[in-house]
Amino acid sequence: MNLLQYSPRTHTPIAIPQTTWRIGNLATFIRKHLLQSPGMRFGDKFFLFLARLAGFSVILLLALILVYLVYASLPAIQKFGVSFLYTSTWDPVREVFGALPVIYGTLVTSFLALFIAGPIGVGIALFLNELAPKRVAIVAGFLIEMLAAIPSVVFGLWGIFVLAPFLRESFQPWMIDTLGFIPLFEGPAYGVGKFASGLILALMIIPTISSITKEIFKTIPAHQREAAIALGGTRWEVMKISVLKASRSGIFGALFLGLGRALGETMAVTMVIGNRAQIMPSLFSPAQTMASVIANEYAEATSDIHMAALAEVGLVLFGVTFLINFAARILIHRMGRSQNA
Amino acid sequence: MVDHNSELVLETKGLKAYFGDNLAVRGVDFKVHSNSVTAIIGPSGCGKSTFIRCLNRLHEEVPGARAEGSVRLKDQDIYAKDMDPVMVRRQIGMVFQKANPFPGMTIFENVVAGLKLAGIRKKSFLEETAERSLTHAALWDEVKNKLHQPATSLSGGQQQRLCIARTLAIDPPVLLMDEPTSALDPISTSKIEELILQIKKHVTIVIVTHNMQQAARVSDYTAFFLLGELVEFDETSKMFTVPKDKRTEQYVTGKFG
């Protein structure tokens, strides 16, 4: 490796030949950020090296996961090409794989969860930060964060034994009777399915959304609230114009982080989704998500192409969650900046 | 020029303000005459800001804070049991030390924010009032061509005048100003002092200031606060030339503070 021939003691930059710019850039980069630390004692240098190593290992790990996922899914990528993303037959027996049903299932359940958890999460944050007496806020805030500590398999069990029977016997028949003419609420009532998954996911992402939103509300300076109070705003109006309006992008960021969590959530969803890789309009119908199809079929996948297809589903999921989280971070970052300005 | 026949607009009797168990304002009797500028001066921590924040019932919004005593706005007791603090604040406007326009709103939206809170939606009325308030706040000429740009694009001094315009838009009989120029440069400060002298035709002003020259320049009456008590209250010209209290004299001549 040509990067090892540069000594860490060499403080002067070394010109890299233009022809080897890829490796050359990487080498300069590593030398500059990992190895070079002019004018420091050995102990500091060594510690700095360890700290940087730890920092860079995260990036390396991410890159390795990505590389492995691409490698593992190569057979599927070669066989199905782009059509993997938009065909809707998922048939392990005939070895035909199209990921659209599981992508659809993931998006529907996640956005349903976001739709339910968003208003509730933001409402909780408003209550805790703006309305509740301090002691109530501390206790309630703690309890809500506890919700995030419940293992997802426990949510799944609750979903199977409590939520799904309730939906099957009470809620869904009633909805089908009253709103069944809308395709979204068509029968039959299975109990398990997209709706149950969306509800469970909503429960799981409420703590994420409410705790991040609460932190954002906390960054709003007191003089912003006083501006609205002094103009004769009621409590609700103060919240609306000084708190909600000022933290719009931060709230979006929190919602996106919640969405990111919902997209990747596996165990609880696998237990209540119904496991059928099919696109059906009704929210009450069983489906399959990207995460649940991997969890369900990985152990039983016998053919190479089946394994590769599952790996490619993993790759797509990785890509989607990465993008969502990235967008969320940008929004939250922007929010922080506009507050400091 | 002091008009001795002008009526009383605001009057406090035995006003006390607490932060928890800590008594910050220790029973103040205070009078404000209509269409005058009353300055409140005193060293840091003397309770002058706390006092002024009791006048529009903003003090009680701080967790653990409360006020006792009476404050009368003309013929109503603003601390009466059945008085809605929201209605008090619509009659007694306030401008703060740090300019605090609403960051997500345009200049125009900021000026009419208080009117919208009061339930006024009529567009022509909002536009007229915005122009009039911005003119009174000596800002109209600078912003008339960019009313729909974000308020945060203005300079600090412009933002402070925008906040004054926003408060004037709801047409309060009384305007409280809590060190409105302490974060501003001298030019912005002098603009705001000029506009104070202009708007006192329409509104009665109580201004807290750190700056004794400012008090001398803009006010008709001055109150000197020390350790939560009102030490002396008189016409500004007398306060700065023949103060009755020894402590006032020491403060206005710069012996402490």
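Below, the figures for the structure above:
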quantity: Share antiparallel - DSSP beta bridges, the protein assembly as shown, percent rounded to 5; calculated: 60 percent
quantity: Members of region B:40-57 that become less accessible by 20 Å² or more once partner protein chains are added (1.4 angstrom probe, chain alone as reference); calculated: B:Arg53
quantity: For B:Phe125, solvent-accessible area (1.4 Å; no DNA, RNA or ligand), Å²; calculated: 80 Å²
quantity: Share antiparallel - DSSP beta bridges, region B:155-257, percent rounded to 5; calculated: 55 percent
quantity: Rounded accessible area of A:Arg261 (nearest 10 Å², 1.4 Å probe); calculated: 80 Å²
quantity: Kyte-Doolittle mean at least -1.0 and Cα axial length at least 15 Å: DSSP H helices in chain B; calculated: B:107-117, B:123-136, B:156-169, B:186-199
quantity: Accessible area per residue in Å² at 1.4 Å probe, computed on region B:1-124; calculated: 44 Å²
quantity: Alpha-carbon centroid distance for the pair region B:195-226 / region B:16-54, whole angstrom; calculated: 14 Å
quantity: Probe 1.4 Å, accessible area per residue of region B:146-254, Å²; calculated: 41 Å²
quantity: Interface residues, region B:95-117 - accessible area loss of 30 Å² or more versus chain alone, probe 1.4 Å; calculated: B:Phe96, B:Lys98, B:Asn100, B:Phe102, B:Pro103, B:Gly104, B:Met105, B:Leu117
quantity: Near-label residues of region B:161-179 by backbone N, under 15 Å of a point 7 Å along Cα→Cβ of B:Phe125; calculated: B:169-172
quantity: Exposure of B:Asp185 as accessible area (Å², to 10), given a probe of 1.4 Å and all protein chains; calculated: 70 Å²
quantity: GNM result for chain A, Cα springs below 10 Å: residue of A:Lys79, A:Lys214, A:Lys45 fluctuating most strongly; calculated: A:Lys45
quantity: Per residue, in Å², the accessible surface of region A:99-340 once ligands and nucleic acids are set aside, probe 1.4 Å; calculated: 44 Å²
quantity: Accessible area, probe 1.4 Å, largest first, for residues B:Phe19, A:Phe185; calculated: B:Phe19, A:Phe185
quantity: Kyte-Doolittle mean at least 0.5, axial Cα span of 20 Å or more - DSSP H helices of chain A; calculated: A:42-80, A:100-126, A:134-149, A:194-218, A:248-264, A:304-340
quantity: Within a Gaussian network of chain A (alpha carbon springs, distance under 10 Å), most fluctuating of A:Gly233, A:Gly105, A:Gly159; calculated: A:Gly233
quantity: Residues losing 10 Å² or more accessible surface upon assembly, region A:223-243, compared with the chain by itself, 1.4 Å; calculated: A:His223, A:Gln224, A:Glu226, A:Ala227, A:Ile229, A:Ala230, A:Leu231, A:Gly232, A:Gly233, A:Thr234, A:Glu237, A:Ile241
quantity: Interface B:A - total buried accessible surface [probe 1.4 Å, Å², rounded to 100]; calculated: 1700 Å²
quantity: GNM top mover of B:Lys81, B:Lys146, B:Lys13 - chain B, alpha-carbon springs below 10 Å; calculated: B:Lys81
quantity: Accessible area in the full protein assembly, largest first, 1.4 Å probe, for B:His136, B:His33; calculated: B:His136, B:His33
quantity: Modelled FRET efficiency - R0 35 Å, A:Val139 with A:Leu184, Cβ distances, 0.05 increments; calculated: 0.35
quantity: Accessible area in the full protein assembly, largest first, 1.4 Å probe, for A:Thr208, A:Thr89; calculated: A:Thr89, A:Thr208
quantity: Whole-percent carbon and sulfur share, accessible surface of chain B, 1.4 Å; calculated: 50 percent
quantity: With every protein chain in place, chain A: carbon and sulfur % of accessible area (1.4 Å); calculated: 70 percent
quantity: Fraction of alpha-carbon pairs over 34 Å apart in region B:8-252 - percent; calculated: 15 percent
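The values are calculated or read from the model by the stated rules, or taken from the named source; none is laboratory data. Quick caveat, the model's predicted, so the values are computed rather than measured. Here the Cβ is made from the backbone with ideal geometry for all residues, glycine too, and neighbour counts use every protein chain on show. Just the protein is used for accessible areas: all its heavy atoms, side chains included, with ligands, DNA and RNA removed. Shrake-Rupley method; radii C 1.70, N 1.55, O 1.52, S 1.80 Å.
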